[in-house]
Amino acid sequence: MIEFKTQLDVNAQKALNKMSMKKVIIICVAISLVIIGIGALGIVMAEDSSDVFAGIFLLAVGVLFPPILILLNAYAQSVVRKTSPFLQNTTKEIYRFTEDGIEHLQKRDESFFSHTKADYTYFYKVISTPQYYFTYIASNQCHVINKAHITQGTCEELDAIFARKLPVGKFKKSNR
């Protein structure tokens, strides 16, 4: 059995957000480069002053688009952190992984208790990074497990279980 004793906290939410934002940032930068390219073409091919102004406007939009998106995301995440009671008060979690399946327990004070038992088909996919396991139960829902909080077994044993129990391509090891 492999066991982790952890708690929901802001660091787990930040790690998940960082993982999710990687693809968005790549797409955002690509869109920005296209807008900057159109703006530069507008300036170079300008026939009158309105074309130059339009080109300058597009250049400015292309340059400002990624930082504005990142700032809006940071603001939205801070609102989530401030309004989520499960992140403000520590919610204790225990994850247990065996050959037969997983067990997930959550408890916060006397107000909340959850117990989930499932086999490995419960996971949509699992990504292992040097610091965390991101265990997705849907394409946009994920449990974040800090590897430093392992209390029994090893991460290598858990990696082997995931590799055996999950369909091909659903367990990925990442160096980031």
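The values are calculated or read from the model by the stated rules, or taken from the named source; none is laboratory data. Quick caveat, the model's predicted, so the values are computed rather than measured. Positions of Cβ are generated from backbone atoms using ideal geometry, with glycine treated the same way; all protein chains shown enter the neighbour counts.
Numbers at a glance
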{"read-out": "Within segment 132-176, considering residues that are aliphatic (A, V, I, L, M) and more than 16 Å from residue 121 (Cβ to Cβ), the one modelled with the lowest pLDDT", "value": "144"}
{"read-out": "Neighbours by Cβ (under 9 Å, 6+ apart or cross-chain): first from segment 114-130, closer than 20 Å to residue 19 by Cβ; second among the aliphatic types (A, V, I, L, M) and in a loop (DSSP other than H, G, I, E, B)", "value": "123/166; 125/166; 126/166"}
{"read-out": "Breaking point among (1) out of contact with any strand residue (DSSP E or B) (no Cβ under 6 Å at 6 or more places or on another chain); (2) over 20 Å from residue 17 (Cβ atoms), for residue 77", "value": "(2)"}
{"read-out": "Residue in segment 66-84 that is modelled with pLDDT of 85 or more and not in a helix (DSSP H, G or I) present", "value": "no"}
{"read-out": "Tally, over segment 88-113, of residues that are in contact (Cβ under 8 Å) with a residue 40 or more places away in the chain and more than 29 Å from residue 78 (Cβ to Cβ)", "value": "4"}
{"read-out": "Considering residues of segment 1-16 that are surrounded by fewer than 16 Cβ atoms within 10 Å (Cβ to Cβ) and modelled with pLDDT under 80 only, the residue farthest from residue 105 (Cα to Cα)", "value": "14"}
{"read-out": "Among (1) over 30 Å from residue 165 (Cβ atoms); (2) loosely packed, with under 14 Cβ neighbours inside 10 Å; (3) modelled with pLDDT of 80 or more, the one test that residue 100 misses", "value": "(1)"}
{"read-out": "Members of segment 131-164 that are of a type in the set (A, V, I, L, M, F, W, C) and touching a residue at least 24 places away in the same chain (Cβ under 8 Å)", "value": "134, 142, 144, 145, 150, 155, 158, 161, 162"}
{"read-out": "Near pairs, Cβ below 9 angstrom, 6+ apart or cross-chain, from segment 43-67 (free of Cβ contacts under 8 Å to residues at least 40 places away in the same chain and of a type in the set (Ser, Thr, Tyr)) to any residue that is in a helix (DSSP H, G or I) and surrounded by fewer than 13 Cβ atoms within 10 Å (Cβ to Cβ)", "value": "none"}
{"read-out": "Residue check, residue 29 under 20 Å from residue 64 (Cα atoms), within 20 Å of the chain's Cα centre (by Cα) and not assigned by TED's automatic domain parsing to the domain that holds residue 109", "value": "yes"}
